[in-house]
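Below: the structure, in structure tokens.
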Amino acid sequence: MTKFTKDNTVDSTEVKDERIYKTSLYYHHTWNISDQERYIYQYHHTKLPKMIENQLSFSGINFVENEDHSIVLTAFIRNAFKKLITLQNVVLTLVDGQNRKVASKLVDLTDLGSLPPMTSVPWRFLFNTEDRFTLEAMDKENWRVLVDLKPKLNKPTLDLDPLWEKQLNDTQIGALQRIVDQQPTLVNKNDFNLMGLELHSDKTKREVIVNVFMRNTTEAVIHLDSITLGLEDAFGSEVLRNDFSFDKFEVKPNTYKPWTFTFPLSEEHIIEEMDFRRWRVNPVNTQTLVN
């Protein structure tokens with residue numbers, strides 16, 4: 001049984017004889033770092049707590065938020081086994097000081113190879129914008145990284161509403177299916193979120209139309225009665241908000257369901273000044289029933 005401790009150490013076994021060990025700093029052979037970087041990693045390594053034998057741990061060092069809202073995380077992967085350990089698919093989740101999820105991603109660690117016994121290895125991880133739950137800036141002094149060593153993986157599937165099936169031809173359905181096939185394997189985030197597909201501004205009707213995928217990464221059917229959505233621009237600012245209602249609408253488990261939402265513009269909105277080179281739709285409030 002996998003257990004998580006306060007400092008994000010993961011027990012792979014039930015440890016009865018708790019022998020404490022200090023790890024050695026180890027650099028992967030592909031890393032070409034400067035003397036200054038080595039000093040920094042050595043400094044952070046000296047601050048790490050000792051480990052109980054037969055533990056694996058991911059300990060965050062720092063992170064950088066880029067202009068496109070992606071996050072580069074640097075963390076120690078720590079092996080307190082007296083043998084080589086090989087990791088493959090793990091799920092990393094960044095949480096803030098209030099334990100709110102900021103980003104989560106399935107990570108393939110095959111390129112890391114084998115972790116030497118009793119070592120701490122620095123490694124970098126990239127969280128893209130679509131891996132984030134929120135675009136709010138993280139507090140660099142108050143955050144944690146969580147790890148699931150044995151995530152439940154589910155290949156996403158396309159969930160087409162009967163109305164869409166009637167309106168789309170085989171070519172259009174095939175295009176949507178290819179997008180879904182190209183998406184990373186869904187992990188057990190137990191989340192409902194939206195993924196933007198395309199956006200169109202209609203100056204005549206004074207409205208913004210967005211096509212999105214509703215992503216249900218839970219194992220339950222979500223019945224959606226109503227939803228309030230906020231549309232964010234290239235700067236991460238919410239520029240439009242609207243309420244939407246549904247009639248017998250559902251999103252099946254582990255699926256991507258395409259849907260269209262229209263945001264009407266008020267007289268105060270100047271469509272020419274809206275920057276949608278990058279954009280994002282976020283659920284603000286939902287009325288759902290989960291089966």
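The values are calculated or read from the model by the stated rules, or taken from the named source; none is laboratory data. Note that the structure is predicted; figures quoted are calculated from it, not measured. Every residue, glycine among them, receives a Cβ derived from its backbone with ideal geometry; neighbour counts consider all protein chains shown.
A few comments on the model shown:
Matching residues to (1) touching a Pro at 6+ places or on another chain (Cβ under 8 Å); (2) modelled with pLDDT of 90 or more; (3) within 23 Å of L87 (Cα to Cα); (4) not charged (D, E, K, R):
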residue: I20; (1), (2), (3), (4): no, no, yes, yes
residue: T23; (1), (2), (3), (4): no, yes, yes, yes
residue: T30; (1), (2), (3), (4): no, yes, yes, yes
residue: I33; (1), (2), (3), (4): no, yes, no, yes
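- The C-beta contact set for region 57-76 (first residue of a type in the set (S, T, N, Q), second residue not in a strand (DSSP E or B), distance under 7 angstrom, 6+ apart or interchain) comprises S57/N8; S59/N8; S59/L48; S70/N128; S70/T129.
- Given (1) in a strand (DSSP E or B); (2) in contact (Cβ under 8 Å) with a residue 40 or more places away in the chain; (3) not assigned by TED's automatic domain parsing to the domain that holds A103, index of the condition R144 fails: (3)
- First in region 85-99 and farther than 13 Å from V145 by Cα, second anywhere and assigned to a strand (DSSP E or B) and among the acidic types (D, E), Cβ under 7 Å, 6 or more apart: Q88/D108; N89/D108
- Applying the set (1) touching an Asp or Glu at 6+ places or on another chain (Cβ under 8 Å); (2) part of a loop (DSSP other than H, G, I, E, B) to K150 leaves exactly one unmet item: (1).
- Residue match in region 255-262 (condition: over 20 Å from T129 (Cβ atoms) and surrounded by fewer than 17 Cβ atoms within 10 Å (Cβ to Cβ)): yes
- Of all residues in region 37-80 being of a type in the set (S, T, N, Q) and over 20 Å from the mean Cα position of the chain (by Cα), the one that is nearest to S120 (Cα to Cα): N79
- In region 241-255, the residues that are under 25 Å from the mean Cα position of the chain (by Cα), farther than 28 Å from M274 by Cα and not polar (S, T, N, Q): E250, V251, K252, P253
- Residue that is assigned to a strand (DSSP E or B) and in contact with a Leu (Cβ under 8 Å, 6 or more places away or on another chain), where the choices are L199, L194, L160, L176: L194
- Any hit, region 244-259, residues being in contact with a Pro (Cβ under 8 Å, 6 or more places away or on another chain), aromatic (F, W, Y) and assigned to a strand (DSSP E or B): yes
- Residue ID - farthest from W279 (Cα to Cα), chosen from residues in region 218-240 that are β-branched (V, I, T) and touching a residue at least 40 places away in the same chain (Cβ under 8 Å): V221
- Residue in region 277-286 that is touching a residue at least 60 places away in the same chain (Cβ under 8 Å), under 18 Å from I222 (Cβ atoms) and not β-branched (V, I, T) present: yes
- Selection count, region 202-221, where residues are among the polar types (S, T, N, Q), assigned to a strand (DSSP E or B) and over 30 Å from E267 (Cβ atoms): 1
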